[in-house]
Amino acid sequence: MEVEFKRRDGSPLYGVMHASLQTEEAGGAVYLDGTIEDITERKHAEAALKASERTFSELFMLSPDCIVLSNLETGRIIQVNEAFLAMFGYDRAEVLGLTRDELGLHSDLRQLEMLTEQVRQHGKFHNVEMQFYHKDGQSSTHLVSAKTIMISGQAALMSISRDVTEMRKIQAMMVQSEKMVSLGGIAAGVAHEINNPLGIIVQAAQNLKQRSRPDFPKNIEAAEKLGLDMAAMDRYMRARKLDEFIDYIQNAAVRASEIIARMLLFSRKSESRRQPCDVRMIIDEAVALARNDYDLKKAYDFKQITVSIVVEEPVPNIICTETEIEQVILNILRNAAQAMAEISPALREPRIDIHVRVHGEFLRMEVRDNGPGMTPDVQKRIMEPFFTTKPPGVGTGLGLSVSYFIITTGHGGHFSVSSEFGKGTVFVIDLPIAG
């Protein structure tokens, strides 16, 4: 039996006592015979171990990172901490005894198998980026580290994961911002270089059209000196469609000048015409422009799209250049209309919802459509200049990149997009509130 003794100085001594009754053969006296094994150090070690286990348990449960303990051989979960339950939306009883596969946590089971094999061979892995699914179907990005440990004599795997979803979004925004800064100077140089020959093309096309008119006095005068019949020449030009070719040149030149004007926005931080603006009025005007846009009416039948505008009061003013914010909203509406028109079979109820509300120090505008959405690859590049999913001649690939520049660099706001393929797209615009 274990017995606690006291030494002469009063300090405790823990011992295991083995004793038995002994009888002397001669006199028949009975006495107690035994040994005492000093286990003081072992008891101290056991106490320290229990304290360590309590500390580990507290750290395990209170850690802000998600921690999972699982059996190394079977993969079944032994314990999870509170951060894991809060992050993924489970109750503890729902996860204990199950495997990660049975819970549906991992988006890439092949990656999970490779990492499990790495742990068996090397005992650990460090900071591997993985995608996880939550109980409600949402996903998040985590950095995961894992190591084998011994629990009650059994090999277990302790994995620690940190949610880096928002950090990755911020990094993507920083990369995008750097692209915009770099491309701003390039766009300005290219635009100015193109402007010079473009001006010559526009001027030459105008002169060709003017000097081939059969009713212009100077044209008639020059033709009579040469014995040329202007009416006959006009019929010839129409028969050979030379007049249409001149129109094509003019239209192409105008389209090119519009593209150049947009490119120049990359290098300009316009402070002109900045004034307090009513966002509701800007949105109404942008929607009205979209309904009356010739291309949107002709090619995409914008009037068939239901546009809902919800404004949560109170709505403070923002300091902005009204025409620029209007251009941003119009670009988003145009892209939504074009995307919804491409769905086959056609959408029964194409819809765009615009929601305006105060979000901290910003006024937030969310523009949501029920179109085809975007694949992850397209979503990553959608803000890049000259990137477009539209066929040649339909899109320039500058609309959203210019919009991004107007909101972030021009107005000090935030511009982001979230989309899921087949489930529509949401553009979010945050603009600083006036004052």
Item to check | Of all residues in segment 103-135 being of a type in the set (S, T, N, Q) and assigned to a helix (DSSP H, G or I), the one that is surrounded by the most Cβ atoms within 10 Å (Cβ to Cβ) | outcome: 116
Item to check | Residues that are assigned to a helix (DSSP H, G or I) and of a type in the set (D, E, K, R), drawn from segment 62-91 | outcome: 82
Item to check | Test: residue in segment 335-342 that is surrounded by 14 or more Cβ atoms within 10 Å (Cβ to Cβ), under 15 Å from residue 285 (Cβ atoms) and either outside the structural domain of residue 280 (by TED's automatic domain parsing) or not hydroxyl-bearing (Ser, Thr, Tyr) (or both) | outcome: no
Checklist entry - Is it fair to say residue 183 is at pLDDT below 85, in a helix (DSSP H, G or I) and of a type in the set (A, V, I, L, M, F, W, C)? => result yes
Next on the checklist: Among the residues of segment 193-227, what is the count of those that are assigned to a loop (DSSP other than H, G, I, E, B) and under 51 Å from the mean Cα position of the chain (by Cα)?
Outcome noted: 0
Item to check | The listed residue being among the aliphatic types (A, V, I, L, M), touching a residue at least 60 places away in the same chain (Cβ under 8 Å) and surrounded by fewer than 20 Cβ atoms within 10 Å (Cβ to Cβ), out of 367, 358 | outcome: 358
Checklist outcome for this item: In segment 284-317, residues that are within 19 Å of residue 339 (Cβ to Cβ), modelled with pLDDT under 75 and surrounded by 11 or more Cβ atoms within 10 Å (Cβ to Cβ) total 7
Next on the checklist: If I filter segment 241-256 for residues that are within 35 Å of the chain's Cα centre (by Cα), part of a helix (DSSP H, G or I) and at pLDDT below 90, do I get at least one hit?
Outcome noted: yes
Next on the checklist: Give me the residue from segment 208-226 that is small (Gly, Ala, Ser) and free of Cβ contacts under 8 Å to residues at least 12 places away in the same chain and, out of that set, surrounded by the fewest Cβ atoms within 10 Å (Cβ to Cβ).
Outcome noted: 222
Checklist entry - Which of the residues that make up segment 411-435 are under 15 Å from the mean Cα position of the chain (by Cα), of a type outside the set (Gly, Ala, Ser) and in a loop (DSSP other than H, G, I, E, B)? => result 420, 421
Item to check | Residue list for segment 300-329, filter: in contact with a helix residue (DSSP H, G or I) (Cβ under 8 Å, 6 or more places away or on another chain), in a helix (DSSP H, G or I) and closer than 19 Å to residue 372 by Cβ | outcome: 300, 302
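For (1) under 23 Å from residue 140 (Cβ atoms); (2) assigned to a helix (DSSP H, G or I); (3) touching a residue at least 40 places away in the same chain (Cβ under 8 Å), each residue gets a yes or a no:
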| residue | (1), (2), (3) |
| --- | --- |
| 43 | no, yes, no |
| 51 | no, yes, no |
| 56 | no, yes, no |
| 60 | yes, yes, no |
| 93 | yes, yes, no |
| 97 | no, no, no |
| 101 | yes, yes, no |
Next on the checklist: Looking at 72, 85, 62 in this structure, which one is hydrophobic (A, V, I, L, M, F, W, C) and surrounded by fewer than 11 Cβ atoms within 10 Å (Cβ to Cβ)?
Outcome noted: 62
Next on the checklist: Can you report the number of residues in segment 330-350 which are assigned to a helix (DSSP H, G or I) and either more than 25 Å from residue 404 (Cβ to Cβ) or hydroxyl-bearing (Ser, Thr, Tyr) (or both)?
Outcome noted: 0
Checklist outcome for this item: Of the conditions (1) more than 25 Å from residue 152 (Cα to Cα); (2) within 60 Å of the chain's Cα centre (by Cα), the single one that residue 20 does not satisfy is (2)
Next on the checklist: I'd like the full set of residues that are surrounded by fewer than 16 Cβ atoms within 10 Å (Cβ to Cβ) and at pLDDT 85 or above, limited to segment 343-355.
Outcome noted: 349
Item to check | Residue list for segment 414-431, filter: touching a helix residue (DSSP H, G or I) at 6+ places or on another chain (Cβ under 6 Å) and among the hydroxyl-bearing types (Ser, Thr, Tyr) | outcome: 419
Next on the checklist: Any residue in segment 254-267 that is on the phi < 0 side of the Ramachandran plot and charged (D, E, K, R) sitting within a Cβ distance under 7 Å of a residue that is at pLDDT 60 or above and not in a helix (DSSP H, G or I)? List the pairs, counting only those 6 or more apart or interchain.
Outcome noted: 262/398
Next on the checklist: Test of understanding: among 263, 281, which residue is under 19 Å from residue 406 (Cα atoms), at pLDDT 85 or above and part of a helix (DSSP H, G or I)?
Outcome noted: 281
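The values are calculated or read from the model by the stated rules, or taken from the named source; none is laboratory data. Quick caveat: nothing in here was measured; it's all calculated off a predicted structure. Cβ coordinates were reconstructed from backbone atoms using ideal geometry, including for glycine residues, and neighbour counts include every protein chain displayed.
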